[in-house]
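Written below as C-alpha cells is the structure these notes are about.
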Amino acid sequence: MPIHPVPRRSRIAHAVFALLNPIPFGFFVAALIFDATYACSANVLWVKSAAWLNAIGLLFAIVPRLINLAHVWVPARRSTRIEKLDFWLNLFAIVAAIVNAFVHSRDAYGVVPEAVWLSAVTVALIAVGLVITALQPASAWEDRP
C-alpha cells in the first residue's frame, strides 16, 4: 500500500502569515485603549482615532486570514482541532470588528458603550486564539520550518 506524503505548507505563505498576523491584534488593542479613553474623557479625538485603528486593523487582517483559510481548510492537508479553533476565533473577532466599524460610523456620542465592549470582544477572541496556538504541542508543528 503506497503512503502518500502530507503536503507541506509553503514557506513563503508561512513567512507572510507570521509577518502579518500580529499586526491586526496591535491595531485592535490600540482601538480598545482609545475607546476606553474616550469613554472616560469624552474627547471626540479618541473615538475617531479608534475608528481609524479599527479600520486599518481590518485591512491588515485580510491577508493572514486568507492564508489561514487555505492552510486549515484545504482537504489535502490535515489540520489540528486547535488550528481550526484558532481560525474560528479569529473569524468571529473579525466579524466583531466589522460590527464595531459600523458602530464607529455613528455620531461620536452614540458610540459608547457598544464600541468599548465590541473592541474588548475582538481583542479577547484574538488573544484566546493566540494563547491556544502558543500552547499547542510541538508535535503538531511537523512542517514548521
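Read-outs: derived from the displayed coordinates by stated rules, not from any lab. Every value quoted in this text rests on a predicted model; they were computed, and no experiment measured them. Don't worry about glycine lacking a Cβ; one is built from the backbone with ideal geometry, like all the others, and counts go over all protein chains shown.
The table below lists the values:
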| quantity | calculated |
| --- | --- |
| Charge dipole (debye, nearest 20) of the chain; +1 at Cβ of Lys and Arg, -1 at Cβ of Asp and Glu | 520 debye |
| Debye log10 I(q)/I(0) at q = 0.10, 0.13 Å⁻¹ for the chain, Cα point scatterers | -0.40, -0.61 |
| Net charge of neighbours whose Cβ lies under 12 Å from the Cβ of Lys48, counting Lys and Arg as +1 and Asp and Glu as -1 | -1 |
| Which of Ile62, Ile126 has the fewest Cβ neighbours within 10 Å, and the rest in rising order | Ile62, Ile126 |
| Mean residue ellipticity (222 nm) of the chain, computed from DSSP H runs ≥ 4 via -39,500 (n - 2.57), nearest 500 | -25000 deg cm²/dmol |
| Percent RCO, i.e. relative contact order, over the stretch 29-145, from Cα pairs under 8 Å lying at least 6 residues apart | 31 percent |
